[in-house]
Number of protein chains: 2
Amino acid sequence: MMRLYGNRRSLAAMRVRIALALKGLAYEEVGVDIFGGEQFSPESLAVNPQAAVPALEDGSGPPLFQSMAILEWLEETHPAPALLPGDLRGRARVRALALIAAADSHPLLVPRVRARLGAQFGAGEPQLVDWSRHFMQLGLLAAEAHLARDAVPGAWCHGDAPGLADIVLYSLRAGHEQRGGTLDGMPNLARVFALCEADPRFAAAHPLRQPRAPKP
Amino acid sequence: MMRLYGNRRSLAAMRVRIALALKGLAYEEVGVDIFGGEQFSPESLAVNPQAAVPALEDGSGPPLFQSMAILEWLEETHPAPALLPGDLRGRARVRALALIAAADSHPLLVPRVRARLGAQFGAGEPQLVDWSRHFMQLGLLAAEAHLARDAVPGAWCHGDAPGLADIVLYSLRAGHEQRGGTLDGMPNLARVFALCEADPRFAAAHPLRQPRAPKP
């Protein structure tokens, strides 16, 4: 069975949980307390020298790391159901929508950035919440602008089935919602996220629905 | 001919320049003054509603956006020479190494983050340089730790030919070097970057070698 090193509050681990569920793959999750520094323990560094989650072990080599690389690997090793469309331009669109969240938004909220904002600028929790909400909002607005400009038939981000863009944008929305962000002016994303919420493979991966999750 | 919307100082546009050169594809580059706000002009937003570079136009649909999605699209549309290895685990490794730079490091240095650091925390240029160098150093050290742990035969990051990881890590190194970062304790990356510097397809894409580049 595959083993996911994650954290119930990690939006990057959440993406992998959703993809594993969509593809119907069994796994066990090992919690790494990334908010308490456990990612720097010798055991954790042996799993992922970057000191980050998620990592995915399938028993056949070093653990895989970086959520987007793990998602692409899951897609290549377990092609059905597909998370990327078949046409090359569609694949580029779906990857780019996902990367707005995975590259340009979420990396601004992770523990190493929070720690640096505190150390370099004295940021406390209220400033960190403002900072995080700002960049999540910016990312979601950018994705909405792309969805609004280049409409593709189907109720999900790209067609009639959930895929990579839905997974990664929904993970960003989870953090955005927890910090009080609204979807005003984002009708396309509101439609997509309602579908996600109604799908237990998405909804069960939500940080607030993991074991030992904090009260909302 | 393809058209790349970029900026000579953009490390993300640099990646696309290198990939186009490695694959021998002709293109013209249109400069977008992302340090002066031109990405927010109506013309630029029509190209990329995210207000960011790079974007790549090939004439057959809306411009492609997000550098990693563009690189994957170039790989799928022009498979030779390959930027990703053939085996699935190798592909995951190369993508993950690239994402350390493209997702976890470079997005912390871009104009929208610099602007927010100034507006929210009053950061000036010296603080921004410290901030940027810190995250570039952290990213390169993480990549080095992975390269050191999981050695793969060959002088590049993964084998005997340049690929996605070399391209994206070299783009991060360009920014790191410009801010005075050294490669102390990073023998694997030092070896790879020496190969990049010796290869005109990499070296010619460097921000300091573009038209109107600032003096080093």
**Q.** Of all residues in the stretch A:63-101 being closer than 13 Å to residue B:73 by Cβ and hydrophobic (A, V, I, L, M, F, W, C), the one that is surrounded by the most Cβ atoms within 10 Å (Cβ to Cβ)
**A.** A:99
Q: Residue by residue through the stretch A:31-62, note down the ones that are part of a strand (DSSP E or B), farther than 20 Å from residue A:79 by Cβ and touching a Leu at 6+ places or on another chain (Cβ under 7 Å).
A: A:55
Q: Write out, first by first residue and then by second, each pair whose Cβ atoms fall under 6 Å of each other, whose residues are 6+ apart or on separate chains, and whose first residue, in the stretch A:61-80, is more than 7 Å from chain B (Cβ to nearest Cβ) and under 18 Å from residue A:169 (Cβ atoms) while the second is surrounded by 24 or more Cβ atoms within 10 Å (Cβ to Cβ) and among the basic types (Lys, Arg).
A: A:67/A:15
Q: State which residue is nearest to the chain's Cα centre (by Cα) when the search covers only the stretch A:13-51 and only residues that are closer than 19 Å to residue B:138 by Cα and aliphatic (A, V, I, L, M).
A: A:34
Q: Confirm whether residue A:12 is within 10 Å of chain B (Cβ to nearest Cβ), touching a residue at least 40 places away in the same chain (Cβ under 8 Å) and within 20 Å of residue A:167 (Cβ to Cβ).
A: yes
Q: Considering only residues that are more than 10 Å from chain A (Cβ to nearest Cβ) and either more than 30 Å from residue B:124 (Cβ to Cβ) or touching a residue at least 60 places away in the same chain (Cβ under 8 Å) (or both), look in the stretch B:102-114 and name the one that is surrounded by the fewest Cβ atoms within 10 Å (Cβ to Cβ).
A: B:111
Q | Unique match (being within 13 Å of chain B (Cβ to nearest Cβ), closer than 29 Å to residue A:88 by Cβ, over 16 Å from the mean Cα position of the chain (by Cα) and not acidic (Asp, Glu)) among A:195, A:117, A:141, A:164 | A | A:141
Q | Residue in the stretch A:119-140 that is assigned to a helix (DSSP H, G or I) and among the hydroxyl-bearing types (Ser, Thr, Tyr) present | A | yes
Q: Report, ordered by the first and then the second residue, all pairs with beta carbons closer than 6 Å, sequence separation of six or more or different chains, a first member in the stretch B:190-216 that is over 22 Å from residue B:24 (Cα atoms), and a second member that is modelled with pLDDT under 95 and of a type outside the set (D, E, K, R).
A: B:216/B:208
Q: Select, from A:133, A:95, the only residue that is among the basic types (Lys, Arg), away from chain B (no Cβ under 11 Å) and under 20 Å from residue B:51 (Cα atoms).
A: A:133
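The values are calculated or read from the model by the stated rules, or taken from the named source; none is laboratory data. The shown structure was predicted, so the numbers you read here are calculated from the model rather than taken from an experiment. Cβ coordinates were reconstructed from backbone atoms using ideal geometry, including for glycine residues, and neighbour counts include every protein chain displayed.
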